[in-house]
1. Mind listing whichever residues of the stretch 43-61 are touching a residue at least 40 places away in the same chain (Cβ under 8 Å) and not in a strand (DSSP E or B)?
2. So, in the stretch 89-103, exactly how many residues are farther than 23 Å from residue 39 by Cβ and in a strand (DSSP E or B)?
3. Regarding residue 28, is this residue modelled with pLDDT under 95, in a helix (DSSP H, G or I) and in contact with a strand residue (DSSP E or B) (Cβ under 7 Å, 6 or more places away or on another chain)?
4. Is there a residue in the stretch 48-71 that is touching a helix residue (DSSP H, G or I) at 6+ places or on another chain (Cβ under 7 Å), at negative phi and modelled with pLDDT of 95 or more?
5. Considering only the stretch 80-104, state which residues are surrounded by fewer than 21 Cβ atoms within 10 Å (Cβ to Cβ) and either under 11 Å from the mean Cα position of the chain (by Cα) or under 18 Å from residue 69 (Cβ atoms) (or both).
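The values are calculated or read from the model by the stated rules, or taken from the named source; none is laboratory data. Since we're looking at a predicted model, the values are computed, not measured. So basically every Cβ, Gly included, is an ideal-geometry build from the backbone, and we count neighbours across all protein chains shown.
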């Protein structure tokens with residue numbers, strides 16, 4: 001009985017070691033990249049947990065977060081006068097957000 005318990009634990013550890021890197025991979029790898037900064041009417045706020053964007057533009061705005069490590073968040077579309085979580089905070093995998101860029105939603 002003890003032997004089967006060990007083999008079950010070993011199997012679980014092996015499966016976790018193979019699948020965990022894929023689960024932790026940044027979604028930013030597939031995010032579209034642009035070099036155009038978000039309009040000045042879209043503001044970014046970052047806390048330890050989340051990065052939020054506030055759209056004070058007359059129309060909707062699609063933005064992504066560019067982090068200091070070069071990674072990006074997914075593209076998010078904000079309606080006029082909307083505030084939305086658009087990325088992870090500075091304690092997340094990518095650290096501090098550098099700025100917002102425009103993007104094309106998929």
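1. Residues of the stretch 43-61 touching a residue at least 40 places away in the same chain (Cβ under 8 Å): 44, 46-49, 51, 53, 61.
Answer for the stretch 43-61, where residues must be touching a residue at least 40 places away in the same chain (Cβ under 8 Å) and not in a strand (DSSP E or B): 47, 48, 49.
2. Of the residues in the stretch 89-103, 0 are farther than 23 Å from residue 39 by Cβ and in a strand (DSSP E or B).
3. Details: modelled with pLDDT under 95: yes; in a helix (DSSP H, G or I): yes; in contact with a strand residue (DSSP E or B) (Cβ under 7 Å, 6 or more places away or on another chain): yes.
Against the criterion (modelled with pLDDT under 95, in a helix (DSSP H, G or I) and in contact with a strand residue (DSSP E or B) (Cβ under 7 Å, 6 or more places away or on another chain)), residue 28 qualifies.
4. So in the stretch 48-71, the residues touching a helix residue (DSSP H, G or I) at 6+ places or on another chain (Cβ under 7 Å) come out as 71.
Checking the rest, the ones that are also at negative phi come to 71.
Among the residues that remain, those that are also modelled with pLDDT of 95 or more are: 71.
Taking every residue of the stretch 48-71 in turn, at least one turns out to be touching a helix residue (DSSP H, G or I) at 6+ places or on another chain (Cβ under 7 Å), at negative phi and modelled with pLDDT of 95 or more.
5. Let us first name the residues in the stretch 80-104 that are surrounded by fewer than 21 Cβ atoms within 10 Å (Cβ to Cβ), namely 80-85, 89-93, 95-96, 98-99, 102, 104.
Within the stretch 80-104, 85, 89, 90, 91, 92, 93, 95, 96, 98, 99 meet the criteria.
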